[in-house]
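The values are calculated or read from the model by the stated rules, or taken from the named source; none is laboratory data. All values reported here derive from a predicted model rather than from experimental measurement. Don't worry about glycine lacking a Cβ; one is built from the backbone with ideal geometry, like all the others, and counts go over all protein chains shown.
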């Protein structure tokens, strides 16, 4: 049996085309380096800084990444794509054309007799009331229908501008050294583990690599990002480890 890999928060498209292209090539280089022993790949959200599918139109960039992912699924590698808060408007293109399985919210799987709880990581904690309300609106059929009425040149251009503005603002928070007990992902995992036999909680979103014990038997893995950290996790059937990709 092959290995399982987890990565998150590539944020392709930000802050500009040239910088994003360099990062995309690095991601593709990493994917090529793992495909020989990769059985399953979990892309845990915010792969794109913005993604929206019209009926006959998708963003025109990212051909290197999409081609590599399609090649991997063609060769039998199972790839799960989690909707993040930046690329939540994913419908059927990535599933039909690339062969990935799209995950809307959490995914709970048992692998090698270990139980995994996986989620992009946004909106999990009860204190995120305002964000969850906005998230629900953005994911609603009405919001999607209204955005669909915009011409792609305007709609995607506007969304990319707003997404980049948000990313600049949030990048400051990402670098803050928050005590572990105040991390939302840790709070969620600790609360969930109290009534669950989950072994591993795997999240993205936070942009901060974390590998800590939760409760008596669980572990929390936050995957970091590929904007500045270039980190990913690897499960070999017995152990899960965080790594930094250097090329």
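So, in region 113-128, of the ones that are touching a residue at least 40 places away in the same chain (Cβ under 8 Å) and within 26 Å of residue 236 (Cα to Cα), which residue ends up nearest to the chain's Cα centre (by Cα)? It would help to see each step written out before you state the result.
Keep residues of region 113-128 that are touching a residue at least 40 places away in the same chain (Cβ under 8 Å), which gives 114-122, 124-125, 127-128.
If we keep only those that are within 26 Å of residue 236 (Cα to Cα) too, we end up with 114-121.
Details: 114: 21, 115: 19, 116: 16, 117: 14, 118: 10, 119: 8, 120: 5, 121: 8 Å.
So, considering only residues that are touching a residue at least 40 places away in the same chain (Cβ under 8 Å) and within 26 Å of residue 236 (Cα to Cα), the one nearest to the chain's Cα centre (by Cα) is 120.
Filter region 71-84 down to residues that are modelled with pLDDT of 95 or more and either under 24 Å from residue 141 (Cα atoms) or assigned to a strand (DSSP E or B) (or both), then give me how many there are. Walk me through it before giving the result.
To start, the set of residues in region 71-84 that are modelled with pLDDT of 95 or more comprises 71-82.
In the following step, the residues that additionally are either under 24 Å from residue 141 (Cα atoms) or assigned to a strand (DSSP E or B) (or both) were identified as 78-82.
Count: 5.
Against the condition assigned to a helix (DSSP H, G or I), modelled with pLDDT under 90 and farther than 27 Å from residue 221 by Cβ, how does residue 135 come out, does it pass? Full working, then the answer.
On the way: assigned to a helix (DSSP H, G or I): yes; modelled with pLDDT under 90: yes; farther than 27 Å from residue 221 by Cβ: no.
Criteria not met by residue 135.
Please work out which one of (1) part of a loop (DSSP other than H, G, I, E, B); (2) in contact with a helix residue (DSSP H, G or I) (Cβ under 9 Å, 6 or more places away or on another chain); (3) over 28 Å from residue 197 (Cα atoms) is the condition residue 56 fails and give its number.
(2)
When only residues in region 182-203 that are assigned to a loop (DSSP other than H, G, I, E, B) and either touching a helix residue (DSSP H, G or I) at 6+ places or on another chain (Cβ under 7 Å) or modelled with pLDDT of 95 or more (or both) count, which is farthest from residue 114 (Cα to Cα)?
The initial filter retains those residues of region 182-203 that are assigned to a loop (DSSP other than H, G, I, E, B), namely 183, 194-199.
From the residues that got through so far, the ones that are either touching a helix residue (DSSP H, G or I) at 6+ places or on another chain (Cβ under 7 Å) or modelled with pLDDT of 95 or more (or both) too are 198-199.
On the way: 198: 8, 199: 6 Å.
That would be 198.
Please go through region 9-23 and pick out each residue that is surrounded by 22 or more Cβ atoms within 10 Å (Cβ to Cβ) and not in a strand (DSSP E or B).
Here is the first cut: in region 9-23, the residues surrounded by 22 or more Cβ atoms within 10 Å (Cβ to Cβ) are 9-14.
Scanning region 9-23 gives 9, 10, 11, 13, 14.
Could you say which residue among 179, 209 is over 21 Å from residue 46 (Cβ atoms) and either without any contact (Cβ under 8 Å) to a residue 40 or more places away in the chain or within 20 Å of the chain's Cα centre (by Cα) (or both)?
Numbers: 209 fails: over 21 Å from residue 46 (Cβ atoms).
Answer to the check: 179.
What single numbered condition from (1) over 20 Å from the mean Cα position of the chain (by Cα); (2) over 20 Å from residue 109 (Cβ atoms); (3) at pLDDT 95 or above fails to hold for residue 243?
With respect to (1) over 20 Å from the mean Cα position of the chain (by Cα); (2) over 20 Å from residue 109 (Cβ atoms); (3) at pLDDT 95 or above, residue 243 is out only on (1).
Being surrounded by 15 or more Cβ atoms within 10 Å (Cβ to Cβ) and outside any helix (DSSP H, G or I) is true for just one of 121, 155. Which residue is that?
Working: 155 fails: outside any helix (DSSP H, G or I).
So the residue among 121, 155 that is surrounded by 15 or more Cβ atoms within 10 Å (Cβ to Cβ) and outside any helix (DSSP H, G or I) is 121.
Collect the residues in region 209-225 that are assigned to a loop (DSSP other than H, G, I, E, B), surrounded by fewer than 19 Cβ atoms within 10 Å (Cβ to Cβ) and at negative phi, keeping them in residue-number order.
Residues of region 209-225 that are assigned to a loop (DSSP other than H, G, I, E, B), as a first pass: 215-217, 224-225.
Narrowing further to those that are surrounded by fewer than 19 Cβ atoms within 10 Å (Cβ to Cβ): 215-217.
Answer for region 209-225, where residues must be assigned to a loop (DSSP other than H, G, I, E, B), surrounded by fewer than 19 Cβ atoms within 10 Å (Cβ to Cβ) and at negative phi: 216, 217.
Considering only region 85-112, how many residues are more than 13 Å from the chain's Cα centre (by Cα) and assigned to a loop (DSSP other than H, G, I, E, B)?
5
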